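**Student:** Please see the structure below; I have some questions.
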Amino acid sequence: MARTKRELLQNHLGRLIEYELAPHDRLPTERDLAEEFAVSRMTVRQALERLEQERRVYRVQGAGTFVAPPAITKSIELTSFSDDMRSRGLRPGSRLRVAEDIPAGAEIGFALGISPSAPVVHIERVRTADGEPMCLEHTYLAGATVPGLLDEPLDGSLYDVLRERYRITLVRAEQTIRATVLDQGAADLLAVPAFSPALLVERTAFDQRDRPVERAVSTYRGDRYSYQIALVRPTA
Ligand code: 16G
């Protein structure tokens, strides 16, 4: 089937971005592209606008159009502790302290959209990086969603277990981050002095069907952990 000039142009630009140019390289000018593909400047502009909306290129007034870096940086992805540590070049680990069935209670029940009397699996772990304690984590999952979870090995990545055993992928989360200080018990577990500063992160994570699957309360050592968040300004 014959391709229109516009399609040829679009394919060409796609290949350029994907295979031939590196992030922040400049694309050919509108005028050069219009000549090469024998299309109007307007057609070229529309093709570039579409690529800009897809965040595959960005434009700088007076300078041209450039290849955008990979759109989503690690830090705005919904990642697990294991992912976070590996991306920093550290070996993730866990010391399992508690794994039990308990009633949800009002707060966890509300977060997970279940009755306060419904069972949840509560997992408490000290999370380590290269063997050093980094974070104290309490995780709650609705028992009905993860039957048999307590029989699974819980010393690795919980998100891996959710995906592999239950086919649950967490696709989005709501999170609150605030400052706190560590009481004596938490400080001992994290191997820092009592009343050391820490970051308290509360997360409710939702699966593919937008069910709230996990409520987690993670307390990170303030001296070793920084929470990096990349912000992307929406396109107009
Ligand atoms: C992160 C999550 C926590 C999740 C854990 C799973 C935050 C604030 N919390 O620590 O909700 O349970 O990762 O990690 O990001 P894992 O798969 O390594 O067990």
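**Student:** Based on what the data block shows, is SER117 farther than 22 Å from ARG224 by Cβ, surrounded by fewer than 17 Cβ atoms within 10 Å (Cβ to Cβ) and not aromatic (Phe, Trp, Tyr)?
**Tutor:** The answer is yes for SER117.
**Student:** To continue, here is another question. Could you tell me whether ALA187 is over 24 Å from THR79 (Cβ atoms), hydrophobic (A, V, I, L, M, F, W, C) and open to solvent by less than 20 Å² (accessible area, probe 1.4 Å)?
**Tutor:** Answer is yes for this residue.
**Student:** Against the conditions (1) surrounded by 12 or more Cβ atoms within 10 Å (Cβ to Cβ); (2) more than 16 Å from the ligand (Cβ to nearest atom); (3) assigned to a helix (DSSP H, G or I); (4) of a type in the set (Lys, Arg), where does ARG31 fall short? Just the number, please.
**Tutor:** Only one criterion in (1) surrounded by 12 or more Cβ atoms within 10 Å (Cβ to Cβ); (2) more than 16 Å from the ligand (Cβ to nearest atom); (3) assigned to a helix (DSSP H, G or I); (4) of a type in the set (Lys, Arg) is unmet by ARG31, namely (1).
**Student:** Let me ask something else about it. Spot the failing condition for PRO197; the list is (1) more than 30 Å from GLU49 (Cα to Cα); (2) open to solvent by 80 Å² or more (accessible area, probe 1.4 Å); (3) more than 11 Å from the ligand (Cβ to nearest atom); (4) out of contact with any Gly (no Cβ under 7 Å at 6 or more places or on another chain), and only one is missed.
**Tutor:** Failing condition for PRO197: (4).
**Student:** Which is more than 16 Å from the ligand (Cβ to nearest atom) and of a type in the set (D, E, K, R), of ARG221, ARG209, ARG215, ARG203? Can you show your working first?
**Tutor:** Numbers: ARG221 fails: more than 16 Å from the ligand (Cβ to nearest atom); ARG215 fails: more than 16 Å from the ligand (Cβ to nearest atom); ARG203 fails: more than 16 Å from the ligand (Cβ to nearest atom).
Going through ARG221, ARG209, ARG215, ARG203 in turn, the sole match is ARG209.
**Student:** Output the qualifying pairs, or none if there are none: Cβ atoms under 7 angstrom, residues six or more apart or on different chains, first residue in the range 119-137 and on the phi > 0 side of the Ramachandran plot and modelled with pLDDT under 95, second residue open to solvent by 10 Å² or more (accessible area, probe 1.4 Å) and more than 10 Å from the ligand (Cβ to nearest atom).
**Tutor:** Here the result reads ASP130/LEU90; ASP130/ARG91, each pair linking the range 119-137 to a residue that is open to solvent by 10 Å² or more (accessible area, probe 1.4 Å) and more than 10 Å from the ligand (Cβ to nearest atom).
**Student:** Here's a follow-up. Could you grab me the full set of residues in the range 148-172 that are touching a Ser or Thr at 6+ places or on another chain (Cβ under 9 Å) and surrounded by fewer than 16 Cβ atoms within 10 Å (Cβ to Cβ)?
**Tutor:** Of all residues in the range 148-172, those touching a Ser or Thr at 6+ places or on another chain (Cβ under 9 Å) come to 154-160, 162-163, 166, 168, 170.
The answer is ASP155, GLY156, ASP160, ARG163.
**Student:** Could you list all residues from the range 179-209 that are touching a residue at least 24 places away in the same chain (Cβ under 8 Å) and outside any strand (DSSP E or B)?
**Tutor:** LEU182, ALA186, LEU189, LEU190, ALA191, VAL192, SER196, GLN208
**Student:** Right, another one. Could you tell me which residue of the range 135-147 is least open to solvent (accessible area, probe 1.4 Å), considering only residues that are under 19 Å from LEU182 (Cα atoms) and out of contact with any Phe, Trp or Tyr (no Cβ under 6 Å at 6 or more places or on another chain)?
**Tutor:** Across the range 135-147, the extreme among qualifying residues is THR139.
The values are calculated or read from the model by the stated rules, or taken from the named source; none is laboratory data. These figures come from a predicted structure and were not determined experimentally. Cβ atoms come from the backbone with ideal geometry, glycine included; neighbour counts cover every protein chain shown. Accessible surface is based on the protein model in full, side chains and every heavy atom, while ligands, DNA and RNA are left aside. Shrake-Rupley method; radii C 1.70, N 1.55, O 1.52, S 1.80 Å.
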